[in-house]
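Structure first, then comments.
Each value in this text was obtained by applying a stated rule to the coordinates, not by laboratory testing. Note that this is a predicted model, so its numbers are computed, not measured. Here the Cβ positions follow ideal geometry from the backbone for every residue, glycine too, while neighbour counts run over all protein chains shown.
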Amino acid sequence: ANNILNSAMSRSKNVEADDVWTKLQRNPPSKVVDGLATGSGGENDPGANGSSLVFVGDLSSGKSTLIQTFLKPTAAKDTKPTIALEYNFARRTVNGVKQVANLWEIGGDLVEPKLLEIGITLTSLPTTAVIICCDLSKPHNILNSVLRGIGAVKETAGKRAAALQATNVNRLNDLRDKLTAPYKDHPDANRVRPLDVPVCIVANKHDTFKSLSSSDRRAVIQVLRFVAHFFGAHLIATSSADATHRDAFRTLISSLAFGMPVKAACEVNPDKVVYVTRGSDSYQKIFLEHGAAGAEGDVPSKSKGLVAKEAEMANYVTHKGVTRDCWAKVSQYMQSLFGEPDKEADKKKEGKDGLESGEDGTEAADLNPFPENEIDDMRAVRDAALARYIQEAERKEEMLNKMNQRSSN
């Protein structure tokens, strides 16, 4: 009887352990594609070992398709919307050594940002990179989309970095040294704010982007370059429908996934493969170089660009960083060209955009010459709450005006 009871208890424990993560490891075995062993689980699934890539971005921005482009570039793409979190992995063998990359995809719009904590863990932080996807077919949403992703990543990576500092400060210092290395002798070294993980901004659906005018395409790329440069991120534009774009994307993602050096490049022509590695751009190039906002005689029809001359640039980019006015101008610039972002997408922002933690530019620039981290963080929280209150009040006022108009009619 005791043997029967022990057997039953053992089976019960196995059933309890059979959660979603255990089931995930029972998927079909991996396949080898272009030298990569790929899959979504299996008995040899690396689990928490190896490096990690975390994909975030708006709903329908093409995250699943990008992952499949990396894993199976020639296969037909038949993807479904990601509800919460999906896992894949890629594995390759170099000189007899197995290398593994865990691929985490967070469901669209970051409805639950805490899911990032699964992909960005304390132990994986030094070997994790984040891919922030935006949809070039919706240029009016791009700025909010990218900043929302950066805000969520910044918060999660910041928590992990704080925990790592308490347990292994040398490892954290090594990580930050690597992230800031491209800016060691850079003129903007004191004016960029890299996150605590490598970030790559992927501007997807470049094939649909071609429907915009040349000047509008250049404007979008100019703004994305600005955001990427400020946060120390790589930037690439890609399309699953074009082989050249696919190959460039796979090359960059492979480097991030398997810890290979990323070859420096700064290709900014929107008619080609936009490919800008961190540290290769500068505010001078972004704002003032010929062709930054368009070719000669080709300026956006509704705007003459972000900055007209160097004297104007000095109002936004100081020797300490980027001012709040600069971010406001960038937002106004995009809205002048493409209109306001979708209301539904804007509601999901929830005040998290990577700029509301007291580091929106200069960490004070000329606005705060005597920074105090704790006080500045509290002020930033209050500012964010005030901004949300104002936004909600404006929304209610707009609804009230519409109701009054209807009643008068």
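Once fully extended, how much extra length lies between ASP242 and ASN190, figured as 0.36 nm per residue of separation less the alpha-carbon to alpha-carbon distance? Don't skip to the end; give the middle numbers.
On the way: separation 52, 0.36 × 52 = 18.72 nm, distance 3.77 nm.
Going from the current span to full extension adds 14.9 nm.
Computed extension length for GLU312-ARG176: 45.7 nm, one decimal, from 0.36 nm per residue of separation with the Cα-Cα distance subtracted. Rounded is the label for the range 51-290. Its Cα gyration tensor axes, ordered a ≥ b ≥ c, give a/c under 1.5.
Using r as the Cβ-Cβ distance of CYS266 and THR167, and R0 as 35 Å, what FRET efficiency do you calculate, to the nearest 0.05? The partial results should precede the final answer.
Working: r = 37 Å, r/R0 = 1.07.
Calculated transfer efficiency: 0.40.
Placing unit charges on the Cβ atoms only, positive for Lys and Arg and negative for Asp and Glu, gives the range 51-290 a dipole magnitude near 340 debye about its Cα centre. Amide hydrogen proximity for LEU103: with H placed 1.01 Å from N in the peptide plane, the residues at 5 or more positions away or on another chain lying under 5 Å are LEU53, ASN88, PHE89, ALA90. Its Cα centre serving as origin, the range 166-249 has a Cβ charge dipole (Lys and Arg +1, Asp and Glu -1) of approximately 140 debye. Length gained on full extension, HIS319 to LYS396: 23.6 nm, using 0.36 nm per residue less the C-alpha separation. Mind grabbing the base-10 log of I(q)/I(0) for the range 88-170 at q = 0.10 Å⁻¹? Debye formula, identical points on the C-alpha positions, no solvent, two decimal places. Evaluating at q = 0.10 Å⁻¹ gives log10 I(q)/I(0) of -0.33.
For ARG388 and LYS98, what is the calculated FRET efficiency with R₀ set at 56 Å and r taken between the beta-carbons, to the nearest 0.05? Each step should come with its number before you reach the end.
Values: r = 48 Å, r/R0 = 0.85.
Plugging the Cβ-Cβ distance into 1/(1 + (r/R0)^6) gives 0.70.
When only alpha carbons are used to place a centre, the range 120-142 and the range 215-256 end up 12 Å from one another. Structure note, pairs LYS80/LYS138; LYS205/LYS320; LYS285/LYS329; LYS72/LYS154: Cα-Cα distances above 25 angstrom occur for LYS205/LYS320; LYS72/LYS154.
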